[in-house]
Amino acid sequence: MADSPQPIEEMQEEDYALDRDVVTTLYDALDAEDPALVAEILEPMHPADIADLFEQIGSGRLRALLEIWTSDEVGAVLSELDEGLREEVIDALPKTVLADAVRDLESDDVVDLVEDLDAEQQSAILEVLEAPDRVAVEQSLQYPEYSAGRLMQRELVMTPEHWTVGQAIDHIRAEEDLPEQFYHIILVDPRMRPTAYVTLGRMLGARREVPLLDLTEDTFRTIPVTQPESDVAYAFNQYHLISAPVVDADDRLVGVITIDDAMVVLDEEHNEDILRLAGVGDESVSDTTWDITKQRFPWLGVNLLTAIIASLVISLFEDVISQVVALAVLMPIVASMGGNAGTQSLTVAVRAIATKDLTGSNAWRVLRREVMASTLNGAVFALIMGGVSLIWFGTPVLALVIAVAMVVNLAVAGFAGLLIPLALDKLGIDPALASGTFVTTVTDVVGFFVFLGFASMILL
């Protein structure tokens, strides 16, 4: 007999994402149309866990949930949802609930919420904002997509650069509309240009009469409002930033980016690279079957084309294959080993390009390393596979053929796995998206050509 759901009060917050009993208990509450029980289940949960829960239940139950669940966390949950499911939730939420949820969000979260919605949904959200907030969001939406202007929040704490610690503390205490989270006091000159910043810890540890300029951090740097968000995330990771002011073309302060938003971008970049290496784009579990089909079809088509090219190479050696059947048995091994070796080099290269560790200045050194490593591995596996072939088929010449082909193909795999992503990057094509197909094609074609070509020279 299945275990009965554990009492809600005994559920630990860290268990929610994985505990099936939570979903079962929620289903029971929805079937009973019990809003009090629904609230009891969801109230202790983190908004990110509630978003995960939304993705696990079907559309029908999700709509039933949204009809009876009211909470101050609705806005935070919306900001955690995948884009496709977010649109569905926004359509299902009562207008009053949506209005309250959006008003509780900071400007960067509102921008993230509305930027991928259609015009009608954008209008529905913008019209519930107060005038100053609406203007701020609309201004952010004017900046290029995936730029610092879309990522920044307008809520920040700044003071004149000549103030003392005491003046800054009094100003913060008197301010009624502080950001929900902030880490620095940004110092500005009379033209609103940021000149430095001070951490809250250093400020609170100093005497009131100490000038703020005596407490500034060496890590201070500004971010242009049009800078790509991937470069912003790189700067935060590279220079260990906690927050950074964003400036316009005249170097005037327009917003601030905090580490939590930068790390979200960095995580998205990592996930995007992983997905694109497999040719699946930006899929999520909440996408529809049709959306997934459309995203996967183009690269499956490219893969079919490259497979045909490899097959044409094989067809050139029909005579030798028909006379030495063992070649057909061993041929996939050469291609498979080359493909795996190429994927290893490719993965390292794509990641290094994304983190800016692989550049034109060190490309040749890294290329030599990859080719040498792949060649050494090829030599080792050539000995292994040559021995296996000799025992299997009892033909020393055939063992020599597959050994030579193994060394050559793995060396080419190391070369192609690094050079192709670099070339695509130089051409402005995302190496994570396109490299895999080309590298596999190269290793298949070279592997088959070397193996079958060498066999036709020696065996016939």
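Computed from the coordinates by the stated procedures, all read-outs in this text should not be read as laboratory data. Since the structure is predicted, the reported quantities are computational estimates derived from the model, not experimental observations. All Cβ positions, even for glycine, are placed from backbone atoms using ideal geometry, and neighbour counts span all protein chains on display.
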Could you work out the mean projected area of the convex hull around the alpha carbons of the range 8-146, in square nanometres to one decimal? 8.4
List, in order, the whole-Hz ³J(HN,Hα) value for each residue of the range 74-79 obtained from phi through the Karplus relation with A = 6.51, B = -1.76, C = 1.60 and θ = phi - 60°; use x for Gly and Pro. 4, x, 5, 5, 4, 5
So, by mean Cβ neighbours within 10 angstrom, what's the order for 249-260, 171-182 with the highest one leading? 249-260, 171-182
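For n ≥ 4 DSSP H runs only, could you compute -39500 (n - 2.57) per run for the chain, divide by its residues and tell me the 222 nm figure to the nearest 500? Intermediate values should be presented prior to the final figure.
Details: 21 runs with 295 residues, N = 460.
So the calculated ellipticity at 222 nm is -20500 deg cm²/dmol.
Against the empirical 2.2 N^0.38 Å scaling, what ratio does the C-alpha Rg of the range 289-459 come to?
Numbers: Rg = 17.4 Å, N = 171, 2.2 N^0.38 = 15.5 Å.
Relative to the rule-of-thumb radius for its length, the range 289-459 sits at 1.12.
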Once the dipole of the range 8-146 is set up from charges on Cβ (+1 Lys and Arg, -1 Asp and Glu), the residue from the list Ala36, Val137, Gly58 lying farthest towards its positive end is Val137
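Using the Cα centre of the range 158-259 as the reference point, and only Cβ charges (+1 on K/R, -1 on D/E), how large is the resulting charge dipole? Debye, rounded to the nearest 20. Before the final figure, lay out the partial values.
Numbers: 8 positive and 16 negative charges, 52 e Å.
Dipole size: approximately 240 debye.
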Determine the gain in length on full extension of the stretch Ser322-Phe297; use 0.36 nm per residue of separation and subtract their C-alpha separation, reporting nm with one decimal. 5.5 nm
For Glu130, put the label point 7 Å out on the Cα→Cβ axis and report which residues of the range 66-105 keep their amide N under 14 Å from it. 100, 102-105
Label 7 Å along Cα→Cβ of Thr195; the range 229-273 residues with amide nitrogen under 15 Å? 252-253
Nearest-ten-degree value, helix 363-393 long axis tilted from longest Cα axis of the chain: 50
q = 0.20, 0.21 Å⁻¹, the range 158-259: log10 I(q)/I(0) [Debye, one scatterer per Cα]: -1.04, -1.13
Report the extension gain between Glu88 and Glu217 in nm, rounded to one decimal, defined as 0.36 nm multiplied by the number of residues separating them, less their alpha carbon distance. 42.0 nm
Helix 165-174 versus the longest principal axis of the chain: what angle, 0 to 90°, nearest 10, using Cα atoms? 80
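Would you mind working out the magnitude of the charge dipole of the chain relative to its Cα centre, with +1 at each Lys and Arg C-beta and -1 at each Asp and Glu C-beta, to the nearest 20 Debye? Don't jump to the answer; show the numbers that get you there.
Numbers: 26 positive and 76 negative charges, 757 e Å.
Dipole about the Cα centre, nearest 20: 3640 debye.
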Treating the angle as unsigned and between 0 and 90°, give the value, to the nearest 10°, between the Cα long axis of helix 131-141 and the longest Cα principal axis of the chain. 20
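If we count other beta carbons within 10 Å of each Cβ, what is the order of Val442, Val350, fewest first? Working shown, then result.
Working: Val442 23, Val350 28.
The most exposed by this proxy come first: Val442, Val350.
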Mean Cβ neighbour count within 10 Å, used as a protection proxy, ranking 48-57, 122-131, 204-213 highest first: 48-57, 122-131, 204-213
Modelling each spin label as a point 7 Å along the Cα-to-Cβ direction, I'd like the Ser59/Ala379 distance in nm, to one decimal. 6.0
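Hey, with R₀ at 56 Å, roughly what FRET efficiency would Ala39 and Ile458 work out to, going by the Cβ-Cβ distance, to 0.05?
The value I calculate is 0.15.
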How large is the direction-averaged shadow of the alpha-carbon convex hull of the chain, in nm²? 30.8
Subtracting the Cα-Cα distance of Glu67 and Tyr239 from 0.36 nm times their residue separation yields 57.3 nm
So for R0 = 41 Å, FRET eff. of Asp248-Leu304 from the Cβ-Cβ r, to 0.05, ends up at 0.25
